[in-house]
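The values are calculated or read from the model by the stated rules, or taken from the named source; none is laboratory data. These figures come from a predicted structure and were not determined experimentally. Please note: Cβ atoms are built from the backbone with ideal geometry, for glycine as well, and neighbour counts cover all protein chains shown. SASA here: full protein model, heavy atoms, side chains in, ligands and nucleic acids out. Shrake-Rupley method; radii C 1.70, N 1.55, O 1.52, S 1.80 Å.
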Amino acid sequence: MTRIAVFLSGHGTNMEALAEKIRSGDLEAEIVFAASDNPDAGGLERAAALGIETKRYPFQLNGRTACEEEMARDIEKERIDWIVLAGFMRILSPEFVSRFSGKIVNIHPSLLPAFPGKDAIVQAWRYGVKVTGVTVHLVDERVDHGPILAQEAIPVETGETVESLESRIHEIEHRLYWQTLRNLFNGKIQFSERRSRS
Ligand code: GAR
């Protein structure tokens, strides 16, 4: 069984969607623990309600270096196969990323490389793009960057509100993430190394 740790900073709806697909048997994996940099993240409560072990790494209080050291110890102790970022809003150090190179996956609510960083849905909506979407990718040393595993695009309708765009994007995320992880865990995914490193 593939052992995953889910890292989140906020509501945790993506974590919950993954947990549901694991429960239904569509995604063969185990969430060994759910963790957050934010001790008050709603997602930790959601995880606990689902019977998932939770861990807190208070970045703001203890700093990134100490937290990442503790995270790395737990990941190794628990023999985690994949680190799954689901709304984790901290930038991981190059040292941490290279220690777990090729084992960290992220979901981002835009068609990368467009609109990396925070509030991507609002950024895209304000920009007035006609098409946006969701990206699942392996994590490298840069923010919201790395080999793309899957993308799904949607048109932005004329007169669309940011709220309706957000809800349509989240709907895609809650399906695309588990489907992509299933392919990844089964070794069925191919990604391109053609992208520029500049
Ligand atoms: C999701 O939309 C996710 O793609 C985004 O945070 C949200 C978390 O929602 N992640 C990023 O922006 C990463 N740069 P959730 O806590 O309800 O899953």
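A few notes on this one:
- Close amide H partners of Thr54, meaning residues 5 or more places away or on another chain with modelled amide H under 5 Å apart, are Ala34.
- Residue-normalised accessible area of the chain, given per residue in Å² at a 1.4 Å probe: 52
- The lysines within cross-link reach of Lys77, meaning a Cα-to-Cα straight distance under 20 Å and a gap of 8 or more places when in the same chain, are Lys55, Lys103.
- The chain: most fluctuating residue of Gly133, Gly102, Gly187 per GNM, C-alpha cutoff 10 Å: Gly187
- Helix 64-77 axis versus longest C-alpha principal axis of the chain: approximately 70°, rounded to the nearest ten.
- With all protein chains in place and a 1.4 Å probe, the accessible surface of the chain carries 49 percent carbon and sulfur.
- Chain lengthening between Glu95 and Glu28 when straightened (0.36 nm per residue, less Cα-Cα): 21.2 nm
- Calculated FRET value between Glu160 and Glu69, using beta carbons and R₀ = 35 Å, to 0.05: 0.20
- Cα-based helix-to-principal-axis angle, 162-185 vs the chain, degrees rounded to 10: 50
- Tensor-based shape of the stretch 27-91 (alpha-carbon gyration tensor, a/c under 1.5 rounded, otherwise prolate or oblate): oblate
- Residue with peak Gaussian network fluctuation, the chain [Cα springs, cutoff 10 Å], from Asn38, Asn62, Asn183: Asn62
- Value of Rg/Rh across the stretch 124-197 [Cα atoms, Kirkwood radius]: 1.02
- The stretch 4-132 - percent relative contact order, Cα under 8 Å, separation 6 or more: 26
- Exposed trypsin sites (Lys or Arg not before Pro) absent: longest stretch of the chain, with sites in DSSP loops and at most 11 other Cβ within 10 Å deemed exposed: 1-78
- The stretch 117-150 and the stretch 7-75: distance between their alpha carbon centers, rounded to Å: 21
- Taking Cα atoms only, the orientation of helix 13-23 departs from the longest principal axis of the chain by about 70 degrees.
- Pairs of alpha carbons in the stretch 58-198 whose separation is greater than 19 Å (percent): 55
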